[in-house]
Amino acid sequence: MLSFRTAGPDDWTAIWSIMEPVVRGGETYCWDTGMDEPSARAEWLPGPTGADPTLVVFVAADPSTGAILGTAQLHANRGGNGAHVANASFLVADEAAGRGVGRALAGHVLGEAVRSGYTAMQFNAVVETNTRAVALWSSLGFAIVGTVPGAFRHPALGATGLHIMHRFLDPVS
């Protein structure tokens, strides 16, 4: 069982240890693989003065050790008349891969999205070759509503598509 909480500034070191290999690998996010730590922090955990007032960052921790095994962002996909649709991003520590951390974190974030009043969630850029993520989101009710061909330059596989994935959220009963 994992514990979930809102991330704070003291969590950055653990978050960066999860995020840096993903950034450097360049296989799953549209980030510059040379991104430095301050830029990464501004991207993932900008703090209360960040540009997006809807952004909330969560961490998933092992309750027995306190070790952070994953992190997620939740925010409005767009502002104004699009603010009822959520967007989220997820990172899981390499050592926790395949242990259900991503699925549990996704469940937490989907619940938080519903509690926050979002009516749907949309992912704008799921790398087509990231089969684990595509399978997870599909199993959680997300549908691929479109694919932008060749929109991602995978470091080993070359040009690949970016899926746009969507699902409606069940209201709180």
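Solvent-accessible area of residue 84, all protein chains in place: 90 Å² (probe radius 1.4 Å, heavy atoms, ligands and nucleic acids excluded).
How much length is gained on full extension from residue 6 to residue 78, taking 0.36 nm per residue of separation minus their Cα-Cα distance? Numbers along the way, then the final one.
On the way: separation 72, 0.36 × 72 = 25.92 nm, distance 2.15 nm.
Once the chain is fully extended between residue 6 and residue 78, it gains 23.8 nm.
The relative contact order of the chain, computed from alpha carbon pairs under 8 Å that lie at least 6 residues apart in sequence, is 20 percent. Ligands, DNA and RNA aside, residue 95 has an accessible area near 130 Å² when probed at 1.4 Å. Computed on protein heavy atoms with a 1.4 Å probe, the accessible areas place 115, 167 in the order 115, 167, largest first.
In whole Å and largest first, what semi-axes does the C-alpha gyration tensor of the chain yield when each eigenvalue is scaled by 5 and square-rooted? Can you show the working numbers first?
Details: eigenvalues 94, 90, 57 Å².
Taking √(5λ) for each eigenvalue gives 22, 21, 17 Å, largest first.
Within the stretch 23-66, whose backbone N sits under 19 Å from a point 7 Å along Cα→Cβ of residue 95? It comes to 23, 59-66, nothing else.
Ordered from highest to lowest accessible area with the whole protein assembly present and a 1.4 Å probe, 13, 28 read as 13, 28. Largest mean-square fluctuation among 77, 130, 87, in a Gaussian network model of the chain whose springs join Cα atoms under 10 Å apart, belongs to 130. Consider a paramagnetic label point 7 Å from the Cα of residue 54 along Cα→Cβ; state which residues of the stretch 83-127 have an amide N under 17 Å from it. It comes to 83-90, 109-125, nothing else.
Give me the number: length gained by fully extending residue 131 to residue 170, i.e. 0.36 nm times residue separation minus the C-alpha to C-alpha distance, one decimal in nm.
Numbers: separation 39, 0.36 × 39 = 14.04 nm, distance 2.56 nm.
Working it through step by step, the gained length comes to 11.5 nm.
With the whole protein complex present, residue 85 retains an accessible surface near 20 Å², based on a 1.4 Å probe. Using the 1.4 Å probe convention, the accessible area of the chain works out to 52 Å² per residue with neighbouring protein chains retained. The convex hull drawn around the Cα atoms of the stretch 54-147, when projected onto a plane and averaged over every direction, covers 6.5 nm².
The values are calculated or read from the model by the stated rules, or taken from the named source; none is laboratory data. Just so you know, these numbers come straight off a predicted model, no measurement behind them. As a convention, Cβ positions derive from the backbone with ideal geometry for all residues, glycine included, and neighbour counts pool all protein chains shown. These area figures cover heavy atoms from the full protein model, side chains too; ligands, DNA and RNA do not enter into them. Shrake-Rupley method; radii C 1.70, N 1.55, O 1.52, S 1.80 Å.
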